[in-house]
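Throughout, read-outs are computed from the coordinates displayed, never taken from laboratory work. What you are looking at is a predicted structure, and each value in this text was computed from that prediction instead of being measured. Here Cβ is always computed from backbone atoms with ideal geometry, including for glycine, and neighbour counts include all displayed protein chains.
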Amino acid sequence: MVLERTQGGQRDFDSEDREFWSLQARSFGLWQFGNFDMRKIILTLAILYPAAALAQGTSAPADPANPPTIGGKPLVVVGSKKTAAAKKEKEKPLSPAQKLQACQDIDDATKERLNCYDAIYAPQPKPKAPAAKGVNDCRFIKEEDDRLTCYNGFADKIPKLPR
């Protein structure tokens, strides 16, 4: 199929002299406008774009002290400001390593420190506990003194983390 182009570039002919619309005009649906020019499109956009921006207007921001209401009920406020006390309540939970380091602040070789460790990893004593490979394995030790020593050994190896 041999295509020939006319001078305006609007219509094409195939080898049997059948005329068909150019692909460019068909793809934009602009065949009814005859000659369409890219300059005209850019000019139209240059005029319409600022007009749309100006139509949006610039209004003053809403007063946060007087929120808008419907029927006397305030609208839902997204992203309301919270007090410092409310922010502290929603702090991230501490990691087990940070909890273990917090237990290090309690006096060594006391029941309170063991209780602190047991609160992190609940004890599950086994009659023949395997050798502890990690801090999780300390909960299987039956004797309290040995369990406390096991926890202390792993807690001491943890690098100091920010609190």
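Rounded if a/c is under 1.5, else prolate if a/b beats b/c, else oblate: with a ≥ b ≥ c from the C-alpha gyration tensor eigenvalues square-rooted, which is region 96-157? Could the numbers behind the result be given before it?
Working: a/c = 1.79, a/b = 1.47, b/c = 1.21.
Note, shape of region 96-157 comes out prolate.
Applying 1/(1 + (r/R0)^6) with R0 = 45 Å to the Cβ-Cβ distance of residue 73 and residue 99, what FRET efficiency is obtained, to the nearest 0.05?
Between residue 73 and residue 99 the formula returns 0.55.
Take each of the peptides 95-101, 136-142, 121-127, 46-52, average the number of other beta-carbon atoms within 10 Å over its residues, and list them starting from the highest. Present the calculation step by step, with values, prior to reporting the outcome.
Details: 95-101: 15.3, 136-142: 17.6, 121-127: 11.0, 46-52: 9.4.
Result, highest mean Cβ count within 10 Å first: 136-142, 95-101, 121-127, 46-52.
For a quick protection proxy, order the peptides 144-151, 68-75 by their average other-Cβ count within 10 Å, most packed first.
Top of the packing list down: 144-151, 68-75.
Could you derive backbone 3J(HN,Hα) for region 44-49 from the dihedral phi with the Karplus parameters 6.51, -1.76 and 1.60 (θ = phi - 60°), listing whole Hz in sequence and x where the residue is Gly or Pro?
Couplings: 4, 5, 5, 7, 6, 5 Hz.
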